[in-house]
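One structure below.
The values are calculated or read from the model by the stated rules, or taken from the named source; none is laboratory data. Keep in mind the model is a prediction, meaning the values are calculated, not measured. Reconstructed Cβ throughout: ideal geometry from the backbone, glycine too, with neighbour counts over all protein chains shown.
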């Protein structure tokens, strides 16, 4: 199993687009800072105290989900279409081992990209601090607890959506179809949120059931729900945990069944 995981990492790291994705992450952090300073007119003194969280919040529900969709489609759909998957099927590894090794590599890659973004954001803050003599950039005395908590929820949401995207990738006959279907889901969840929020409104607004229905689509949960979790809202935390657990269990199981069933693209 360790050999299989190493092989998956090796194949992924040999792809120029993945290295480009990693290299573009600091650029994304820098451009996000510029957006807040120049377009949103947020004072640097304020932004520097929360940029590690604010920067990720701005990119989580769209840019990060796009990156996850591309990663999943490449690891599953592209490898099958290129014939690489069939070479693995011919070796001594079981389909289950191949599936779990690929999912592990996808999720570790997501974690790596989050770490690169966090480090890049902090470096940018340190440059601001030294260049403009901002002094101490910590906030509320609990900066790192706040940061780790938000990044933890963000990582959990990306793991959940990667499970869904894995299932979609296995139902798609090309990388284009896979990414297109993932983006349709992502944009639909953000653009037509009013439709399912009407369903959520049938439950009391402050209830656990209301939050579960509202956060059932991950992009909307990323856009609105993670802030509530940082405020210590027990109903929101419970709803997010429930939705993430549902995605991880149901769609991972569905993806595994699809993968193990045979040539899942046919």
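Starting from residues that are in contact (Cβ under 8 Å) with a residue 12 or more places away in the chain and assigned to a loop (DSSP other than H, G, I, E, B), keep the ones in region 1-23 and report whichever is surrounded by the fewest Cβ atoms within 10 Å (Cβ to Cβ).
Applying the filter and picking the extreme gives 1.
Kindly indicate the residue of region 24-49 that is over 14 Å from residue 117 (Cβ atoms) and touching a helix residue (DSSP H, G or I) at 6+ places or on another chain (Cβ under 8 Å) and also surrounded by the most Cβ atoms within 10 Å (Cβ to Cβ) among those meeting that condition. So that I can check it myself, show each step before the final result.
Just the residues of region 24-49 that are over 14 Å from residue 117 (Cβ atoms), to begin with: 34-49.
Those left that are additionally touching a helix residue (DSSP H, G or I) at 6+ places or on another chain (Cβ under 8 Å): 35-37, 42, 44, 47-49.
Working: 35: 13, 36: 18, 37: 15, 42: 17, 44: 18, 47: 20, 48: 25, 49: 18.
Among those that are over 14 Å from residue 117 (Cβ atoms) and touching a helix residue (DSSP H, G or I) at 6+ places or on another chain (Cβ under 8 Å), it is 48.
Any idea how many residues of region 191-226 are out of contact with any helix residue (DSSP H, G or I) (no Cβ under 9 Å at 6 or more places or on another chain) and within 22 Å of residue 53 (Cα to Cα)?
Number satisfying all stated conditions: 0.
Criterion first (within 30 Å of residue 2 (Cα to Cα), surrounded by fewer than 15 Cβ atoms within 10 Å (Cβ to Cβ) and in contact (Cβ under 8 Å) with a residue 60 or more places away in the chain) does residue 102 satisfy it? Working first, answer last.
On the way: within 30 Å of residue 2 (Cα to Cα): yes; surrounded by fewer than 15 Cβ atoms within 10 Å (Cβ to Cβ): no; in contact (Cβ under 8 Å) with a residue 60 or more places away in the chain: yes.
No, not satisfied.
Just give me the residues in region 198-213 being in contact (Cβ under 8 Å) with a residue 12 or more places away in the chain and more than 19 Å from residue 241 (Cα to Cα), in sequence order.
199
May I ask you to verify whether residue 150 is part of a helix (DSSP H, G or I), farther than 22 Å from residue 251 by Cβ and at pLDDT 90 or above? Give the steps one after another, and end with the answer.
Values: part of a helix (DSSP H, G or I): yes; farther than 22 Å from residue 251 by Cβ: yes; at pLDDT 90 or above: yes.
Yes: the conditions hold for residue 150.
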